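Inspection log for the structure reproduced underneath, given as structure tokens.
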Amino acid sequence: MARFQPIIARGLVAGFLGATALAVWFFAIDMILKRPLHTPAFIANILLGRETVTVSLPLVLGFTAVHYAFFLLLGVLISWGLDRIGAAPNVLLGFVVGFLLFDVIFYAGILLTSGNIVRALGWPNVLAGDLLAGLVLIGYLYAKTADRPFRWWAAFAEHRTLREGSIAGLLGAAVVAIWFFVFDVLTHGAFFTPAALGSALFLQASGIAEVQLSIATVGGYTLVHLAAFVGIGLVAAAFVVQAEHQPPLLLGLVLFFATFEALFIGVIALFASWILGTLGWWTFAVANLLAAIVIGAYLWGEHPRLRREVHALRGRSLEEPV
């Protein structure tokens, strides 16, 4: 039993941090939208079968207790599982945990309630929050497994994939933001695009007349935008690190960006087709293409070994007889 005590302790702390990350994420979104504690109250009311959302301290505290209990158990199970199989935590595992959390919330919302909780809260918000929780949970386990003092900034500085992926994602997010800022200034007015996307995401706007240009819509969507691109940057960085040993994996990175491009436009067409009609699908295609180029260029510049491997591979291909 004594051998499992450190494993359980690590899991409990990791679960607590993951739960806190997700709670803070939705608390920030609720504050931006000027509806404090709406998310925990909404889920609690839905689980109790109530059609109207009532924000009360007992409901919020009750759901918060369930929320933390779930994450504490999850943290212990992951910590124990990693110890059993002798695997080391990494960034990709954090993404896997985040996507699993998203799936659990999605299907639990459908099976246990009469509504889709993910759709009501906005799937980008839920996915971004779950990915954040997964990365925080696994990040702590990584820091403790490495037998080092837990310092977030130290882990960020030492973990190449985390550092490069975050920078690449922020660069991509900045390029897209600049592209749409210029486009908006020349067409509908500054910040129209994030306001439209934020209105569709948070307020279920169904047309241009319902777009609200406010700190809530622009700021809320900006948070989702940044989180999404940091996630994309982390996946791209993980691909590039592995491609140093297997250069053909770069094709997988290209396919990843192509899939993301199609998925992003498809999701907008499905949930807010009026935005594509107003702004044009090509604006999103160009924005994501520019982001992919900037992310790729940054990561290419940070990996001289990969450049040498690719050049050597090209040289061998040219030397092969036709």
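Laid out as a table, the results:
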item	result
Residue order, fewest to most beta carbons within 10 Å, for Val104, Val55, Val76	Val104, Val55, Val76
Relative packing of 174-182, 77-85, which averages over residues the other C-beta atoms within 10 Å, highest first	174-182, 77-85
3J(HN,Hα) from dihedral phi, the stretch 197-212, Karplus parametrisation 6.51/-1.76/1.60, rounded to Hz, x for glycine, proline	5, x, 5, 5, 6, 9, 10, 6, 4, 10, x, 4, 5, 9, 5, 10
Net +/- balance of residues flanking Phe102 in space, Cβ distance below 14 Å, scoring K and R +1, D and E -1	-1
The stretch 156-187 and the stretch 58-74: distance between their alpha carbon centers, rounded to Å	34 Å
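FYI, it's all coordinate maths here, none of it is from the lab. Note that the structure is a prediction, hence the values are computed from the model and not measured. Here Cβ is always computed from backbone atoms with ideal geometry, including for glycine, and neighbour counts include all displayed protein chains.
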